[in-house]
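These notes concern the structure reproduced below.
The values are calculated or read from the model by the stated rules, or taken from the named source; none is laboratory data. Values in this document were obtained by computation on a predicted structure and should not be read as measured data. Every residue, glycine as well, gets a Cβ built from its backbone with ideal geometry; the counts of neighbours run over all protein chains shown. Remember, those area values only see protein heavy atoms, side chains included, never the ligands or the DNA or RNA. Shrake-Rupley method; radii C 1.70, N 1.55, O 1.52, S 1.80 Å.
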Amino acid sequence: MTAKLIKGTEIREQILAEIKEEVDKIKAEHGVVPGLVTILVGENPASVSYVTAKIRTAKSLGFKEVQDNQPEDITEEQLLALIDKYNKDDSIHGILVQLPLPKHIDEKKVLNAIDPDKDVDGFHPVNVGRLMIGGSEVKFPPCTPAGIQEMIVRAGVETEGAEVVVVGRSNIVGKPIAVMMMQKGPGANATVTVVHTRTKDLAAHCKRADILIVAAGVPGLVKPEWIKPGACVIDVGVNRVGEKISEKTGKKVAILKGDVDFDAAKEIAGWITPVPGGVGPMTITMLMRNTLNSLKFRLGLM
Ligand code: NAP
């Protein structure tokens, strides 16, 4: 293997330790801790497991964690009233509504009801606008793209003047990471190309990339011959391609594959993220950082 592995699992531990240190300091000096509420509607097993992971991490950092579970038949009006309650609660700095919501509830209306200054997911149109403007306007960068940028920077990959190619143009990964990498500032200043299903020659674009960020959701889409030797390859894709019995727990677990042919790509790339254990662990980590930052904005520390 020639590529250096960029392990999200390791970077996560570094960042969580940094957050914990700041939380302890703010608690000692100001007597407050970051407050995060997670609103879960219904009992979708995947949502329950995401929320559980978020709660566990928030607690381990000393956050105030409010877990607000609501029944599947909650009305839209009731949910909006609940969000209004947390918008007004000074001990809460981050509000998370776990998606998907039941069909009778308008997701957009609910997400837009969150106070943009507590929108730690960064999906509110106000925060999307702030991200586009860049610089000090940015409050809450969306968590997965923020995690990707953090991995690139912490791995020591030069972004200034780099050719960045982003495969995928979704609102949660492709578009925001493209905007973030092209902004004027540290960890960015790149020349960015975004490719998608209507792109004429995907391979030709990928081959130019010094930093290739792949978020398509297609297992093995990126072939090794599409990778420029020495490039940094960030594989965001998480694709369930089967099931196996876990050696640790003896239970059935999903077999996960990324969007890049990892085994071959690692012989060509300079840096590469594995799947699992790459970008995945970064999302919750950046959510915690956004929640801490929300408190810091409130205290005038940022
Ligand atoms: P998405 O909303 O389905 O968007 C996929 C994008 O990829 C679309 O813009 C699509 O193009 C493009 N695309 C799909 N197939 C392509 C192909 N053959 N050639 C070129 N472009 C192609 O997906 P997403 O939400 O961004 O997620 C992408 C992947 O990242 C998924 O595997 C998801 O599970 C994973 N993910 C991981 C994390 C994490 O690790 N924390 C977080 C979020 C997402 P069009 O726009 O033209 O359709």
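Compared with the dominant Cα axis of the chain, that is its longest principal axis, helix 45-60 is turned about 80°. Each peptide in 80-86, 144-150 was scored by the mean count of other Cβ atoms within 10 Å over its residues; highest first, the order is 144-150, 80-86. So what is the diffusion coefficient of segment 39-142 in µm² per second by Stokes-Einstein at 4 °C and 1.567 mPa s, using a Kirkwood Rh over Cα pairs? For the chosen part, D equals 89 µm²/s. Taking a straight line from the alpha carbon of Lys207, these aspartates and glutamates sit under 16 Å away, with near neighbours fewer than eight places off in the same chain left out: Glu163, Glu225, Asp235, Asp259, Asp261, Glu267. Residues of segment 105-123 with an amide N closer than 17 Å to a point placed 7 Å from the Cα of Glu76 along the Cα-to-Cβ direction: 105-114.
Surface composition of segment 59-153: carbon and sulfur make up 53 percent of the accessible area, probe 1.4 Å. Placing a label point 7 Å from the Cα of Asp68 along the Cα-to-Cβ direction, the residues of segment 117-133 with a backbone N closer than 16 Å are 117-121. What pairs in Lys27/Lys88; Lys54/Lys88; Lys20/Lys296; Lys7/Lys228; Lys85/Lys118; Lys59/Lys109 have C-alpha atoms more than 18 Å from each other? The pairs that break the limit, which is 18 Å between Cα atoms, are Lys27/Lys88; Lys54/Lys88; Lys7/Lys228; Lys59/Lys109. Just checking the listed ones, Pro219, Pro141, Pro100: in the Gaussian network model of the chain with Cα springs under 10 Å, the one fluctuating most is Pro100.
Where the centroid of each part is defined by its Cα atoms, how far is segment 261-302 from segment 173-199 in Å? Rounded to whole Å, the Cα centres lie 16 Å apart. What residues from segment 88-112 fall in the zone where the backbone N is under 12 Å from a label point 7 Å along the Cα-to-C-beta line of Val126? Under 12 Å, as judged by backbone N against the label point of Val126, lie 88, 112 of segment 88-112.
With protein chains left intact and a 1.4 Å probe, residues in segment 1-154 average 50 Å² of accessible area per residue. Hey, what angle do you get for helix 143-154 against the long axis of the chain, alpha-carbon based, 0 to 90 degrees rounded to 10? Helix 143-154 sits at roughly 50 degrees to that axis.
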